[in-house]
Structure formats: C-alpha cells, structure tokens
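Read through the structure below, which is laid out as structure tokens, and then see the notes.
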Amino acid sequence: MGKPTGFMEYPRRKTPWRDPVDRALDYYEIYTPAEEEQLKKQGARCMNCGVPFCESDHGCPIDNLIPEWNDLVYKGKWKEAYERLTKTNNFPEFTGRVCPAPCEGACVLGINEPAVTIKDIENSIIDRAFEEGWVKEQQPAESTGKKIAVIGSGPAGLTAADQLNKAGHSVTVFEREDRIGGLLVYGIPNMKLSKSLLNRRVKLLASQGIEFKTNCNIGVNISTDEIKKAFDAVLIATGSTIARDLSIPGRESSNIHFAMDFLTQNTKSLLDSSLSDGNYIDAKDKDVIVIGGGDTGTDCIATAIRHGCKNMVNMEIMSKPPKRRGLDNPWPLWPNILRTDYGHEESEKRFGSDPRRFSLMSKEFTSKDGLVTGLKTVEIEWVQEKNGKMTMKEIASTEKTWNADLVLLALGFIGPEQKILNDFGVSIDDIGNIDSAYGKFTTNVDGVFSAGDARRGQSLVVWAMNEGRGAALAIDRYLQGASRLSAPMIKLGSLRD
Ligand SMILES: Cc1cc2nc3c(=O)[nH]c(=O)nc-3n(C[C@H](O)[C@H](O)[C@H](O)COP(=O)(O)OP(=O)(O)OC[C@H]3O[C@@H](n4cnc5c(N)ncnc54)[C@H](O)[C@@H]3O)c2cc1C
Ligand code: SF4
C-alpha cells in the first residue's frame, strides 16, 4: 500500500485547472500539468483497503486496479503503473479527462476525509506513458480470419474494436460522421478532451489493423443486408442520439436549438477552419439560456462563453442539490451533491454569479417576428407523495420572463434511432433501447450484438467502455467458442433484465 500513515499526513489536493478567465478565451484543454510530488502524496493517501470499494459495484465501472497503481505511483514506478492501468482500461486518456470518477465517490477515505485524487493519478499515468514512448503499436499475434463490423465509433465501438482486434479478428468500424469518435469528438468539446489526443489514439488503432470507414451511414448508404452478408458478427454501438424536446408554446421560434447541434457545429467548424468558415450557431453578444444541466448543459455554457455571449442563464427543473451527502445518499453511493463544473466557474467569473437557477419550469417561449425573445418560467417545489414518489407543484405568483435571443435545449436523450434497428430486425425494449441483456450483449438476431448508450440509454464514457469490453468478450466467444479477452465483472446495479 502507499504510505501507511499517508492519509493522516497529506490532504487531498487536486491538480488545478487553468485560470477560468484565461481559459475561457481559447479552446485548449482546461487542465494544467500535474506535479509528480503531489501525485506521489495522493498515491500515499491510498490505504489499500481490504475491500477496495473504489473498484466495487459503486466504484469504477471498468474495474481499474486503483490501489495497485496508486501504490506504484507512490513508489515512482510509473511504467509498471501504466502496465497495470492498461490491463483494464483501453483509453485512460479519455477517462482521465472526462470521467466523473464514481471511484472517488466510493473511496473508503471518503467516509470521513476527502477521497484520493484517483482520476488525476490515472490521467498522469497515461500522459506520462505517451511522453515516455511506452505506448506502442501492438499487432495481434495471430489472425482468426473472422470479420466483424462495428457500427458507431464512440467509446463503446472503439473499445470493442480494440479488444476484438487484439483477439486476432479483422475489425471494420463504420461511422456516419466525417470523423471518428462519436461523442468524444462531436459532443464533448475540445477544452474538456483535446481532439488531438483522440486522433492520436485512432491513428494507433488504425496502425494495429483496425479499418475505419467514415461517412458510412449504415441503413442509409450501406444496407444492413450488405453488412450481414460481409461480416461474421456485427456490433451495434450507435449511441442514444434522439434528443428530448421541449413542447411548450413558442417552440417553433427561430434561435432555439438542440444542444448537440450547437456543440457539433462548433467543434466541426473549429477543427475544419478554426471557426473561420462561420458554419456554427454563434452565441456572440446574445442573451443565452441553456435549459438543462448535466455535462451537455455545462459544455453549452462553456462554448457560448467562448463565443462571447452577452449573458448566460442555466435553467434546471430539479431542486438545488445539497453541499454534502444527505442521509438517504450514504457512502459508497454516488454523492448527489452540488458540483461546480468548468462551465459554471467560467460563467461566474465572466458575469459575476453562478448561472444556474434551480426548481424552474419552462412554460412558454416569447418571440418577435419569429425570433425568440424570452422564456416564461414558474418556480416549482418537489413534494414527496404518500407512495414515496416525488411530484412537482407550481408555486403561485412566481411567473417570470427571462430575456433570450438564443436558447439551447440540453434535456438529455430518449434513445437510439430506430431505422437501423428495424433494418437489422433487432427488438427494442419498452423504453426504446436495444433489447439486449447486460453482460450478454446479444440481440434477438443471431450474430448481432449491442453495446453502449444504444443498449443502456444515455450514460457515461466509462460505461460505454465497460460495455465495449463486455461485448467484445461475448463476440469472441460466439465466434471462437472461448475467449482469452478480459472484461469487467458484471455490475449488479446494471442488471435490469
Ligand atoms: C455533450 C455531451 C457531453 C458529455 N460529456 C460527458 C463527460 O464529460 N463524461 C462522460 O463520462 N460522459 C459524457 N457524456 C456521455 C458520453 O459521451 C456517452 O455516454 C458516450 O459517448 C456513449 O458512447 P457510445 O459509444 O455508446 O455512443 P456515442 O458516443 O454516441 O457514439 C455513437 C456513434 O454512432 C454513430 N452512428 C449512429 N448511427 C449510425 C449509423 N446508422 N451508421 C454509422 N454510424 C452511426 C454516431 O454518429 C456516433 O458517432 C456526454 C454526452 C454529451 C452529449
Ligand atoms: S475510469 Fe473513472 S471510475 Fe474508473 S478509475 Fe478512472 S476516473 Fe475512476
């Protein structure tokens, strides 16, 4: 274990982000380089608990061997730490940057002290591995002669492709966009995950034998029959892409956009032309309202701030979370507490207050000459019914109209697009996701598997990677009868079938 008394000697110290005023002037990553001595101290705080809850059902979804690499970092054995990390994690440079770190919520130290900075350590191990040249192209030892189509190049598809390629299969990844990465490229903005890191990884995967085909919309410009004929197995990893809308009066007004249109166009224009082509929804000098919180809402706030918006308000229907865990939210559950993310911090610095307004229900958009001019809201309270269900009640005389000339809807996603599923003949479950059991990843169609948000619904990068590894194992077994691939343990909380 790290240092037996480390947790008593050293406080939690996170590697700081760049200054919020400076970083909001550009699209470079928000992170600063970590200091080795600080990381060693954080590694020293890890107690190598008898039961490492950071790896449990409530902890890391991909079973990262956290206490082991914490100890190796404490001892300065960085290369061994890298080797240990990549036993379970195909792309630590993605999770090290964008994972919300459920591991830290479940860290045993978190019972009475702030948790070890696990995510910082993970990120530093992989960044160092790339700097030192330890991350090398690895060709599969043998070829099975089996061909697999992976449809969708988000974290689920990329992880599965990496695993299946390692098992010696010939893997082709089909992506309908012009760039590989799914939401890693056109969802999460550059300041949170640099696209140069994504490209570096995709190049490495291609050099190891994975074939990538962009601008291939399966079910539209290549039929599912062609795919079924040409491949021995198919993985559908098409994500959860149907955005939830807000059907209130005035919705038809111009300048009300889905968050993903705003974010995708911005990143595409940034990568194509450093925004000089003007092919994006511009928030400059606009009163912007972002409806909906979560990562998507935060990314919209941060992007609009970089455009130079005039004002920013972020509406949230839920009530303001507490600063500390409630009694109904004990350790090691994910802490439902108020978190200030990078976009909130930047907005507060730019405009002098936190942009979030909680417990507000949107009632109607106002407009003039077809252009949105504002949003009418009413305050609500959440009340627990006798059956335990929370319902919302409007509070009388709390109507308010907010100015807006750009509104971004970040209300989440309701499921995967259905056409490709219908074409393959794949069944869906009662909420519109692919009907495919967690842990098995099979569908009702022989040889067709599924993983990621298309199967589990809108989730996280690390869960998409969990499912990508699990689906690769299932496909390898289907094709070969047995498999040497490793996959995360079944997480009981994800078993809904
Ligand atoms: C704006 C935003 C920010 C987020 N930020 C975070 C974060 O900070 N941390 C975190 O952990 N999670 C975050 N998430 C969630 C996370 O990105 C997703 O859970 C994850 O990307 C899902 O991975 P996936 O591989 O299942 O699907 P996706 O990443 O959605 O990839 C699916 C891919 O399939 C392609 N596709 C769809 N249909 C077809 C077809 N017919 N033919 C070919 N290709 C097709 C799509 O174009 C897409 O590229 C965020 C989500 C959003 C929207
Ligand atoms: S992938 Fe996420 S949960 Fe797992 S160790 Fe990294 S930060 Fe923690």
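The numbers here are math on the coordinates, done by the rules we state, and not lab data. Given the structure is predicted, the values throughout are model-derived calculations rather than measurements. Cβ sites come from the backbone with ideal geometry, for glycine too, and all protein chains shown count toward neighbours.
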DSSP loop GluC sites (Glu not before Pro) in the stretch 36-144 with at most 14 other Cβ atoms within 10 Å of their Cβ, which ones? Glu137, Glu142
Could you tell me which Cys residues in the chain have no other cysteine's Cβ under 4.7 Å from their own Cβ, answering none if every one has a partner? Cys46, Cys49, Cys99, Cys107, Cys216, Cys300, Cys309
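Take Ser459, Ser223 and order them by how many other Cβ atoms sit within 10 Å, fewest up front. Spell out each step's value before the answer.
Values: Ser459 19, Ser223 12.
Least crowded to most crowded, the residues run Ser223, Ser459.
Mean residue ellipticity at 222 nm from the helices of the chain, using -39,500 (n - 2.57) per DSSP H segment of n ≥ 4 over the full residue count, to the nearest 500 deg cm²/dmol? All intermediate terms of the calculation are to be shown ahead of the outcome.
Values: 18 runs with 167 residues, N = 497.
Taking each H run of at least 4 residues, the total per residue is -9500 deg cm²/dmol.
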Using r as the Cβ-Cβ distance of Leu204 and Thr32, and R0 as 35 Å, what FRET efficiency do you calculate, to the nearest 0.05? 0.90
Too long at a 20 Å Cα-Cα cut-off: which of Lys268/Lys419; Lys310/Lys349; Lys268/Lys368; Lys79/Lys195? Lys268/Lys419; Lys268/Lys368; Lys79/Lys195
Cα gyration tensor of the stretch 245-411, axes a ≥ b ≥ c as square roots of the eigenvalues: rounded (a/c below 1.5), prolate (a/b > b/c) or oblate? oblate
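Quick one: if the Förster radius is 45 Å, what FRET efficiency do Asn387 and Met8 give, using the C-beta to C-beta distance and rounding to 0.05?
On the way: r = 46 Å, r/R0 = 1.02.
After rounding to 0.05, the efficiency reads 0.45.
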Please work out the Cα center distance from the stretch 444-486 to the stretch 412-440, rounded to the nearest Å. 14
Of the DSSP H helices in the chain, those whose Cα atoms cover at least 24 Å axially and whose Kyte score averages 0.0 or more: 461-480
Taking neighbour counts of Cβ atoms within 10 Å as a proxy for exposure, in what order, fewest first, do Ser274, Ser153, Ser367, Ser207 appear? Ser274, Ser207, Ser367, Ser153
Quick query: amide H of Gly415 versus all other amide H atoms, modeled in the peptide plane; which residues come in under 5 Å with a sequence gap of 5 or more or a different chain? Thr241, Ile242
Can you list the residues, at least 5 places off or on another chain, whose amide H is less than 5 Å from the amide H of Leu275, using H built in the peptide plane? Leu270
Highest mean first, how do 85-91, 39-45 rank when packing is the count of other Cβ atoms within 10 Å averaged over residues? 39-45, 85-91
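For the stretch 242-287, which trypsin sites (Lys or Arg not before Pro) are in a loop by DSSP, counting at most 12 other Cβ atoms within 10 Å?
Values: sites: Arg244, Arg251, Lys268, Lys284, Lys286; in loops: Arg244, Arg251, Lys284, Lys286.
Answer by residue number: Lys284.
Taking the beta-carbon count within 10 Å as an exposure proxy, list Asp476, Asp277 from fewest neighbours to most.
Working: Asp476 25, Asp277 11.
Ranking Asp476, Asp277 by Cβ neighbours within 10 Å, fewest first, gives Asp277, Asp476.
Test of understanding: what is the full-extension gain from Ile111 to Glu211, defined as 0.36 nm times their sequence separation minus their Cα-Cα distance? Kindly include the intermediate steps, with their values, before the conclusion.
On the way: separation 100, 0.36 × 100 = 36.00 nm, distance 4.65 nm.
Extra length from Ile111 to Glu211 when fully extended: 31.4 nm.
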Answer rounded, prolate or oblate for the stretch 355-436, using the Cα gyration tensor with square roots of eigenvalues a ≥ b ≥ c: rounded when a/c is under 1.5, else prolate when a/b is larger than b/c, else oblate. oblate
Once amide H atoms are placed 1.01 Å from N in the peptide plane, what residues at a sequence separation of 5 or more from Gly374, or on another chain, have their amide H within under 5 Å of its amide H? Thr366, Ala404
Separation in nanometres of the label points that stand 7 Å from Cα toward Cβ, at Phe130 and Ala482: 3.8
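Please give me the summed charge of the neighbours of Leu485: other residues whose Cβ is under 13 Å from its Cβ, Lys and Arg +1, Asp and Glu -1. Provide the component values of the computation, followed by the final result.
Working: positive: Lys87, Lys166, Arg469, Arg477, Arg484; negative: Asp162, Asp476.
Once positives and negatives cancel, what remains is +3.
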What spacing in nm lies between the two simple spin-label points modelled at Leu371 and Asp261, each 7 Å away from Cα in the Cβ direction? 1.6
